[in-house]
Amino acid sequence: MAENSLYSDPALIAVYDALNAGREDYDFYLSQLPNVPQRVLDIGCGTGRFALELAARGHDVCAVDPAPGMVAFAREKPGADLIEWYVGRCCVVPKSRPFDFIFMTGHAFQCLLSDQDISRLYAEVVARLAPDGVFFAESRNPAVKAWERWCPENAGPPVAFTERRSVQVTHEVTSVRDGQVRFVETYRFDPEGTEQRSESCLRFCSKDQLEALAQQAGLGVRHLSGDWDGQAFDEASSPEIILGLQFQN
């Protein structure tokens, strides 16, 4: 079993889009963009779905992801030639090109497992954000303990990714400690009946933690909501912490 093999195993990369077909986060972030063209950076772009949609709408797009396999998969999609692709952390994107909007979708922010990791990302964002630019990211609200529902009995139905093949994913949490949730994902491929497993770890930060670290980096909150329908954030019940950060006045 490999840690985060979801981002490196070709078989798992190939089913990533089918398993992540929901787009309420994309629709929300797209609604925050004014008229085209905007200079946009997609951090943790994965297989490029969001970056490709941004480019198709006429935005000037850069996309970066630390997983070479993900970026390679994205580069093979129609329209990929409209995007400037990078492999690595945000720091590999040139500072000479300021961005009006920087996005980090898909709860990729939760892969930052320490305050140091978050502060480093914020610093990298600050170095690439235009003076009036906005950085959007989301993290699951730890107060609602989403991980308590990550168990085999709550697995969703199999998802088709070709005409004859499907995959079903189950989750099992192995530890919860200091805000970090470690879990195993099992992918069952049918009709073969084969299985692959991947171990991951995500950090659940409070809104106050995220804002305090942002403030230290010189960023203040422009937008805060608790769900993709734009509802106001409620610390006790909101499933998401959706932040839009900009330079403090």
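The values are calculated or read from the model by the stated rules, or taken from the named source; none is laboratory data. What you are looking at is a predicted structure, and each value in this text was computed from that prediction instead of being measured. A quick note on method: Cβ atoms are made from the backbone with ideal geometry, for glycine too, and the neighbour counts reach across all protein chains shown. In case anyone asks, the SASA skips ligands and DNA or RNA and just uses the protein heavy atoms, side chains included. Shrake-Rupley method; radii C 1.70, N 1.55, O 1.52, S 1.80 Å.
Does any residue of segment 197-218 turn out to be in contact with a Ser or Thr (Cβ under 8 Å, 6 or more places away or on another chain), of a type in the set (D, E) and on the phi < 0 side of the Ramachandran plot? Write out each step before concluding.
Within segment 197-218, the first condition is being in contact with a Ser or Thr (Cβ under 8 Å, 6 or more places away or on another chain), and the residues that meet it are 197-199, 203-205, 210, 213, 216-217.
Checking which are of a type in the set (D, E) leaves us with 199.
Next, from what is left, pick out any that are on the phi < 0 side of the Ramachandran plot: 199.
Yes, some residue in segment 197-218 is in contact with a Ser or Thr (Cβ under 8 Å, 6 or more places away or on another chain), of a type in the set (D, E) and on the phi < 0 side of the Ramachandran plot.
Out of (1) touching a strand residue (DSSP E or B) at 6+ places or on another chain (Cβ under 8 Å); (2) surrounded by 16 or more Cβ atoms within 10 Å (Cβ to Cβ); (3) of a type in the set (K, R), what's the single condition that is false for R120?
In the conditions (1) touching a strand residue (DSSP E or B) at 6+ places or on another chain (Cβ under 8 Å); (2) surrounded by 16 or more Cβ atoms within 10 Å (Cβ to Cβ); (3) of a type in the set (K, R), R120 misses (1) alone.
Residues are listed down the side, and each one gets a yes or a no for (1) over 18 Å from the mean Cα position of the chain (by Cα); (2) within 30 Å of G220 (Cα to Cα):
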| position | (1), (2) |
| --- | --- |
| Q110 | no, yes |
| Q116 | yes, yes |
| E163 | yes, no |
| D178 | yes, yes |
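Among the residues of segment 99-113, which ones are open to solvent by 40 Å² or more (accessible area, probe 1.4 Å) and either touching a helix residue (DSSP H, G or I) at 6+ places or on another chain (Cβ under 9 Å) or more than 17 Å from C201 (Cα to Cα) (or both)? Talk me through it step by step, then tell me what you get.
Start the filter on segment 99-113 by keeping residues that are open to solvent by 40 Å² or more (accessible area, probe 1.4 Å), which leaves 106, 111, 113.
Within segment 99-113, G106, C111 qualify.
Just to be sure I understand the filter: pairs with C-beta atoms under 9 Å, separated by 6 or more residues or on different chains, first member in segment 119-145 and free of Cβ contacts under 8 Å to residues at least 12 places away in the same chain, second member assigned to a strand (DSSP E or B). Which pairs pass?
From segment 119-145, the pairs are K145/V176.
Taking the condition surrounded by fewer than 17 Cβ atoms within 10 Å (Cβ to Cβ) and either on the phi < 0 side of the Ramachandran plot or modelled with pLDDT of 95 or more (or both), does S96 pass? Steps first, please.
Working: surrounded by fewer than 17 Cβ atoms within 10 Å (Cβ to Cβ): yes; either on the phi < 0 side of the Ramachandran plot or modelled with pLDDT of 95 or more (or both): yes.
It is true that S96 is surrounded by fewer than 17 Cβ atoms within 10 Å (Cβ to Cβ) and either on the phi < 0 side of the Ramachandran plot or modelled with pLDDT of 95 or more (or both).
With the requirement that a residue be touching a Gly at 6+ places or on another chain (Cβ under 8 Å) and open to solvent by 50 Å² or more (accessible area, probe 1.4 Å), what does segment 70-93 give you?
Hits for segment 70-93 are F73, R75.
Can you name every residue in segment 213-249 that is crowded, with 17+ Cβ neighbours inside 10 Å and assigned to a helix (DSSP H, G or I)?
Correct list: L213, A214.
Scan segment 142-150 and tell me whether some residue there is assigned to a strand (DSSP E or B) and either touching a helix residue (DSSP H, G or I) at 6+ places or on another chain (Cβ under 7 Å) or open to solvent by less than 30 Å² (accessible area, probe 1.4 Å) (or both).
The first filter runs over segment 142-150 and keeps only residues assigned to a strand (DSSP E or B), leaving none.
No: segment 142-150 contains no residue that is assigned to a strand (DSSP E or B) and either touching a helix residue (DSSP H, G or I) at 6+ places or on another chain (Cβ under 7 Å) or open to solvent by less than 30 Å² (accessible area, probe 1.4 Å) (or both).
Where the second residue is among the hydroxyl-bearing types (S, T, Y) and in a loop (DSSP other than H, G, I, E, B) and the first is in contact (Cβ under 8 Å) with a residue 40 or more places away in the chain and lies in segment 220-239, which pairs have Cβ atoms under 7 Å and are six or more apart or on separate chains?
Qualifying pairs under 7 Å: G226/S238.
Between a first residue in segment 27-45 that is without any contact (Cβ under 8 Å) to a residue 24 or more places away in the chain and over 22 Å from D229 (Cβ atoms) and a second residue that is loosely packed, with under 15 Cβ neighbours inside 10 Å and basic (K, R), which pairs have beta carbons less than 7 Å apart while being 6 or more apart in sequence or on different chains?
Matching pairs, first to second residue: V36/R57.
Give segment 123-135 a look and list any residue that's in a strand (DSSP E or B), out of contact with any helix residue (DSSP H, G or I) (no Cβ under 6 Å at 6 or more places or on another chain) and surrounded by 13 or more Cβ atoms within 10 Å (Cβ to Cβ), or say none.
Here is the first cut: in segment 123-135, the residues in a strand (DSSP E or B) are 129-135.
If we keep only those that are out of contact with any helix residue (DSSP H, G or I) (no Cβ under 6 Å at 6 or more places or on another chain) too, we end up with 129-134.
Those that are in a strand (DSSP E or B), out of contact with any helix residue (DSSP H, G or I) (no Cβ under 6 Å at 6 or more places or on another chain) and surrounded by 13 or more Cβ atoms within 10 Å (Cβ to Cβ): L129, A130, G133, V134.
Given the residues A21, A72, A51, A14, which is the only one that is over 16 Å from the mean Cα position of the chain (by Cα) and over 22 Å from E199 (Cβ atoms)? If you could, list the steps in order and put the result at the bottom.
Values: A21 fails: over 16 Å from the mean Cα position of the chain (by Cα); A51 fails: over 16 Å from the mean Cα position of the chain (by Cα); A14 fails: over 22 Å from E199 (Cβ atoms).
Result of the check over A21, A72, A51, A14: A72.
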